[in-house]
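Trainee: This is the structure I have questions about; it appears just below.
The values are calculated or read from the model by the stated rules, or taken from the named source; none is laboratory data. Since the model is a prediction, treat every value here as computed from it, not as a measurement. All Cβ positions, glycine included, derive from the backbone under ideal geometry; neighbour counts span all protein chains shown.
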Amino acid sequence: MSPKSEQVERELLAIGFRAYPRGLLNGFVFACLTIWLVWPRMPHQLLGGWFAGFATIAMCRLAIARAFAATAPGAIDTRLWKRRAAFSYGATGFAWGLLACCAIHFAPGVHIFVLWVGFLIALALFAVLAVVMLGAIVTGLAAVFRSFRARVSGPG
């Protein structure tokens, strides 16, 4: 892989790992709201165990992010860190999927939970779409500005 590609990968990883604390806080808030919604209809021991597991995954994700931040940029093995990032996202998704399966089993009448998970997915998709659109707008405006500046300054 070219040094430029590795630099881009390192920067993308850095952006993702820097966003972990905010994402973990959001996940914690959604986990608390979800438990509050399904508490009356699901076994409390199950919810407590799930929340403990979710918190453990979150703490592991935070430790991974801190370890990445403490690693010198030249010493970053992008393949290793990409695997760690994928594992942490996968573990979080598994935890949410496990809770959804348990909700379907223990509380089949909890339609609000299905709507809640749908809301979380829609929110995540909207956030990604908004970032992509913002990037496209900024890139387009930068191109227009460069073109305008080239016309104003003239040739040479």
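Trainee: Of the conditions (1) in a helix (DSSP H, G or I); (2) at pLDDT below 80; (3) surrounded by fewer than 10 Cβ atoms within 10 Å (Cβ to Cβ), residue 155 clears all except one; give me its number.
Mentor: Exception for residue 155: condition (1).
Residue-wise test of (1) within 28 Å of residue 118 (Cβ to Cβ); (2) under 20 Å from the mean Cα position of the chain (by Cα); (3) of a type in the set (Val, Ile, Thr).
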| site | (1), (2), (3) |
| --- | --- |
| 22 | yes, yes, no |
| 74 | no, no, no |
| 78 | no, yes, yes |
| 97 | yes, yes, no |
| 101 | yes, no, no |
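Trainee: Out of contact with any Phe, Trp or Tyr (no Cβ under 7 Å at 6 or more places or on another chain), basic (Lys, Arg) and surrounded by 12 or more Cβ atoms within 10 Å (Cβ to Cβ): is that true of residue 22 in this structure?
Mentor: Against the criterion (out of contact with any Phe, Trp or Tyr (no Cβ under 7 Å at 6 or more places or on another chain), basic (Lys, Arg) and surrounded by 12 or more Cβ atoms within 10 Å (Cβ to Cβ)), residue 22 does not qualify.
Trainee: So residue 68 clears everything in (1) at pLDDT 95 or above; (2) surrounded by 12 or more Cβ atoms within 10 Å (Cβ to Cβ) except one condition, right? Which one?
Mentor: If we test residue 68 against (1) at pLDDT 95 or above; (2) surrounded by 12 or more Cβ atoms within 10 Å (Cβ to Cβ), just (1) comes out false.
Trainee: Further question: Looking only at region 3-42, which residues are touching a residue at least 40 places away in the same chain (Cβ under 8 Å) and either within 19 Å of residue 86 (Cα to Cα) or touching a strand residue (DSSP E or B) at 6+ places or on another chain (Cβ under 8 Å) (or both)?
Mentor: 6, 9, 10, 13, 14, 16, 17, 18, 20, 21, 27, listed by residue number.
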